[in-house]
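Derivation of every value follows stated rules applied to the coordinates shown; laboratory data play no part. Note that the structure is predicted; figures quoted are calculated from it, not measured. Counting neighbours? That spans all protein chains shown, and the Cβs are built from the backbone with ideal geometry, glycine included.
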Amino acid sequence: MAKHGENVPPLEARGLGKRYHSGPAELTVFAGLDLRLEAGDRVALTGESGTGKSTLLHLLGLLDAPSEGTIRVDGQATEGLDEGGLANLRNRAIGFVWQMNTLLPEFTALENVMMPLLIRGERKGAAEQAQELLSEVGLAARGHHLAGELSGGEQQRVVLARALVAGPKLLLADEPTGNLDERTGNMIMELIEEVHERRRLTTLYVTHNPAYAERATKVLELRGGKIRNLGAQATPPAS
Ligand SMILES: Nc1ncnc2c1ncn2[C@@H]1O[C@H](COP(=O)(O)OP(=O)(O)OP(=O)(O)O)[C@@H](O)[C@H]1O
Ligand SMILES: [Mg+2]
């Protein structure tokens with residue numbers, strides 16, 4: 001468990017590297033990356049296609065193991081954890097929003113949102129909690145619709161509700177607006193900002209949209225296997 005120190009960062013990576021092997025070829029996506037998110041950060045991760053943003057998010061989200069380096073989530077080291085330990089930490093500490101629709105289309109919105117609670121054995125009250133989350137993302141009336149029958153924007157709201165239902169403090173989002181039209185994308189960005197504030201989250205989101213990057217409190221760029229800090233935004237965006 002996390003120490004109750006003041007300066008335990010919600011997420012910290014040191015010397016992170018990832019290599020892929022395909023046949024005889026080896027691809028080093030990045031090496032020696034350091035990254036530290038402070039509590040309350042809302043960070044945009046930018047960079048050209050193929051620079052490794054999704055790869056990095058998978059590592060930080062404990063969905064894939066780094067080739068080298070360490071990741072601490074909420075002060076807890078992750079290197080020694082087995083699959084079960086990683087899954088527990090993911091479930092408790094991290095919410096994910098991906099660009100691709102990751103909902104189960106044959107299940108209702110409500111059932112999809114309940115899933116993280118059921119996975120950790122919390123059946124009791126799960127439906128009520130999931131319904132609350134659906135309300136929070138403006139979809140209270142859609143709980144009993146099949147996920148596959150919702151619009152893209154509605155589905156992304158459900159994904160966000162599912163990401164947050166287990167009460168994580170860390171939100172990782174990989175191009176959360178990537179498949180949406182501009183207006184719907186703006187709504188999802190605003191919603192992410194709202195829940196970030198309300199739930200006092202630490203958020204890292206990947207975006208190719210300069211306007212969305214500008215709205216972050218910090219902007220990072222992944223380029224040539226290195227992370228560059230493009231600086232903090234001086235003032236929060238006017239809304
Ligand atoms: N499972 C894998 N096996 C082999 N190579 C991979 C694998 N996943 C990703 N790569 C390679 O790693 C590099 C980084 O991919 P990644 O998807 O992380 O880029 P990205 O920055 O997210 O790009 P985009 O902006 O297009 O989403 C690419 O060259 C990609 O081909
Ligand atoms: Mg990507």
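Condition first: within 16 Å of ligand 2 (Cβ to nearest atom), basic (K, R) and buried (at least 16 other Cβ atoms within 10 Å of the Cβ). Can you find one or more residues in the stretch 60-78 that meet it? For the stretch 60-78, residues within 16 Å of ligand 2 (Cβ to nearest atom), basic (K, R) and buried (at least 16 other Cβ atoms within 10 Å of the Cβ): absent. Which condition number does D34 fail, the rest of (1) assigned to a strand (DSSP E or B); (2) over 28 Å from E197 (Cα atoms); (3) not basic (K, R) being met? Answer for D34: the failing condition is (2). Does L63 satisfy the criteria of being of a type outside the set (S, T, Y) and more than 16 Å from ligand 1 (Cβ to nearest atom)? The answer is no for L63.
If only residues of the stretch 161-172 that are of a type in the set (A, V, I, L, M) and in contact with a Ser or Thr (Cβ under 7 Å, 6 or more places away or on another chain) are counted, the one that is farthest from ligand 2 (Cβ to nearest atom) is L170. Could you check, for the stretch 47-58, whether at least one of its residues is more than 16 Å from ligand 2 (Cβ to nearest atom), surrounded by 14 or more Cβ atoms within 10 Å (Cβ to Cβ) and more than 14 Å from the chain's Cα centre (by Cα)? No, every residue in the stretch 47-58 fails to be more than 16 Å from ligand 2 (Cβ to nearest atom), surrounded by 14 or more Cβ atoms within 10 Å (Cβ to Cβ) and more than 14 Å from the chain's Cα centre (by Cα). Screening T28 with (1) in a strand (DSSP E or B); (2) within 29 Å of M189 (Cβ to Cβ); (3) within 13 Å of ligand 1 (Cβ to nearest atom) gives one miss only, at (2). Among the residues examined, G40 does not qualify as in a strand (DSSP E or B) and of a type in the set (G, A, S).
Of all residues in the stretch 215-231, those that are on the phi > 0 side of the Ramachandran plot and of a type outside the set (D, E, K, R) have Cβ atoms under 9 Å from Cβ atoms of residues that are surrounded by 14 or more Cβ atoms within 10 Å (Cβ to Cβ) and not in a strand (DSSP E or B), 6 or more apart or on another chain, in G224/T51; G225/T51; G225/G52.
Tell me which residues, restricted to the stretch 172-194, are within 22 Å of R92 (Cα to Cα), surrounded by 22 or more Cβ atoms within 10 Å (Cβ to Cβ) and within 16 Å of ligand 1 (Cβ to nearest atom). Of everything in the stretch 172-194, those that are within 22 Å of R92 (Cα to Cα), surrounded by 22 or more Cβ atoms within 10 Å (Cβ to Cβ) and within 16 Å of ligand 1 (Cβ to nearest atom) turn out to be L172, A173, P176.
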